[in-house]
């Protein structure tokens, strides 16, 4: 199952974000949220986190909008479903574990043997089997302020289903304690601490889970040289990453390990801890770190060996710390085919480390939907430009999200949100120019999009090495740099009003006139033209009107 899009209405600073597209034509589901400082990137990620089961949106930071609005605040998501990905059987298992045992305190043997309960579970199974059978390939799910989920199936069976569930729950009550209804089984009375909506909400446990890594969960935080009983006794005061490590290894086992004098038992726990850590790190599929566990009179001592030799954890690189903490977290919570959010994960990383981080994020995104907020050009893969989502504001200053980097740039200074994209493209060319030649220099990102799409529509096999600027004036900076590298190039300018730029390129930089192409006006009635005019009427008739047109969504750029 995969999330396809997400929407925020009347909360978290949004009036209506619109459907934020989380689909990609590439095989990689790494998406970027970019924007200027304080543009709402972290707010968007918090909204996605609030969709996770067990989180109450209304309790999240920044949920309520400043101005009162007419519509009910809600979050929305569309999921792509495949047959067998959700089932009534799994819902029943979660119902027994979370509600009958967890909230109501009914023992497992009673649940499995008490006839009214077995009949109740059979009726719930029948109800949800019918509901699931009627679902299509796409399912829209809404989440309201207090955590209520609504599954928007085509037959709109939500209200009817909840009424049936309430009746089934009421049938279980057979006694009262004051004003409270109870379920008496033999000599024991149980308060059923759940309602119909609680059962309905359980269905989301079968959907992708949401994991959010922000400043509060620092994946580069240090581990102590020795984990002592004080770390266990004051567990809630420890950094989040350390708490996850302790939970994964086993709190009770660590306590026993520290306190026991039985050397044989210590050896058993040594082996257990080492095997657990090795199992988590093995998920990376290549060896990057050895971890050694040793008993110390004060606690559990950890020593790490990376390529530079043995050390304590705090001496490792930020990249190594990030990988270690994430792999432990992933193993502990069994992450897979889920939604993973990273808020500025590269803070403090140098350029080379950020490239390594990008490579790892891309690997994560092969089996998960990964959303990263960033200002960094080093984290943006120029092969994934279609996966960039940009924070903006509407005409009433509400937050909104733009699904591409081409449109709605009208607000003053909004182009600055594209700074990391432009710099990433520049970095790519700086890093690869010596291995490339025959470069096409264009004025901006939209020109790059046009030329790539025209090339693909025409099924051209040659790769276009396009170097975009940031407006026509940037040509006077880009061209000298390309000349200095001894590369062949052509310059494409939009209109015949650019003769001044052409003259400067020829006279000041020695560019031959044959290397400068000014697109002629499409119509005699106008002096304007653009790269889009290269696509002629004949091209349009042949490639668009022939019935075999590719949509822009199908073009891999």
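None of the figures in this text is laboratory data; all of them are computed from the coordinates on show. In this text, all values refer to a predicted model and were calculated from it rather than measured experimentally. Neighbour counts are summed over all protein chains in view; Cβ atoms, including those assigned to glycine, are modelled from backbone coordinates with ideal geometry.
If the label point is 7 Å along Cα→Cβ of residue 89, which residues in the range 185-210 have backbone nitrogen under 19 Å from it?
203-207
Sort 66, 53 so that the residue with the fewest other Cβ atoms within 10 Å of its own Cβ comes first and the one with the most comes last.
66, 53
When only Cα pairs under 8 Å and 6 or more residues apart are kept, what is the percent relative contact order across the range 222-333?
Dividing the mean separation by the residue count of the range 222-333 yields 35 percent.
Just to be sure I understand the model, the point goes 7 Å from the Cα along the line to the Cβ. What's the resulting residue 181 to residue 292 distance in nm?
In this crude spin-label approximation the distance works out to 6.5 nm.
Hey, how many Å between the Cα centroid of the range 14-28 and the Cα centroid of the range 242-272?
45
In the chain, what % of DSSP beta bridges are antiparallel (nearest 5)?
Antiparallel: roughly 60 percent of the beta bridges in the chain.
If r is the Cβ-Cβ distance from residue 216 to residue 504 and R0 is 60 Å, what FRET efficiency results, to the nearest 0.05?
Efficiency, rounded to the nearest 0.05: 0.70.
Taking a label point 7 Å from the Cα of residue 195 along the Cα→Cβ vector, which residues of the range 129-159 have an amide N closer than 13 Å to it?
Inside the label zone: 146-149.
Treat the range 250-299 as a sphere of radius equal to its Kirkwood radius over Cα pairs and apply Stokes-Einstein at 10 °C in a medium of 1.306 mPa s; give the translational diffusion coefficient in µm²/s, rounded to a whole number.
This corresponds to a translational diffusion coefficient of 134 µm²/s.
What full-extension length gain, to one decimal in nm, is calculated for residue 262 and residue 464 as 0.36 nm per residue of separation minus the Cα-Cα distance?
65.8 nm is the gain from fully extending residue 262 to residue 464.
Would you work out if the chain is rounded, prolate or oblate? Take a ≥ b ≥ c from the square roots of the eigenvalues of the alpha-carbon gyration tensor; rounded if a/c is under 1.5, else prolate when a/b is larger than b/c, oblate otherwise.
Since a/c reaches 1.5 but b/c is at least a/b, the shape of the chain is classed as oblate.
Separation of the range 167-238 and the range 291-351 by C-alpha centroid, Å?
So the separation of the two Cα centres works out to 28 Å.
Go ahead and run the numbers for FRET between residue 103 and residue 272, Cβ-Cβ distance against an R0 of 25 Å, rounding to 0.05.
The value I calculate is 0.15.
Along the Cα→Cβ direction, 7 angstrom out, place labels at residue 148 and residue 347. What is the inter-label distance in nm?
Calculated label separation equals 3.7 nm.
Would you kindly state how much longer the chain becomes between residue 315 and residue 366 on full extension, computed as 0.36 nm times their sequence separation minus their alpha carbon distance, in nm to one decimal?
15.3 nm
By how many nm would the segment from residue 394 to residue 305 lengthen if fully extended, with 0.36 nm per residue of separation less the alpha-carbon distance?
26.9 nm is the gain from fully extending residue 394 to residue 305.
Obtain the nm distance between the two label points defined at residue 1 and residue 483 by a simple spin-label model: each point lies 7 Å from its Cα along the Cα-to-C-beta direction.
With each label point 7 Å from Cα toward Cβ, the separation is 6.0 nm.
Restricting to Cα atoms and excluding each atom paired with itself, what does the Kirkwood estimate give for the range 181-291 in Å?
With all distinct Cα pairs of the range 181-291 included, I get 18.2 Å.
Averaging sequence separations of C-alpha pairs under 8 Å and six or more residues apart, then dividing by the length of the chain, give the relative contact order as a whole percent.
Taking the mean separation of contacting Cα pairs over the length of the chain, I get 16 percent.
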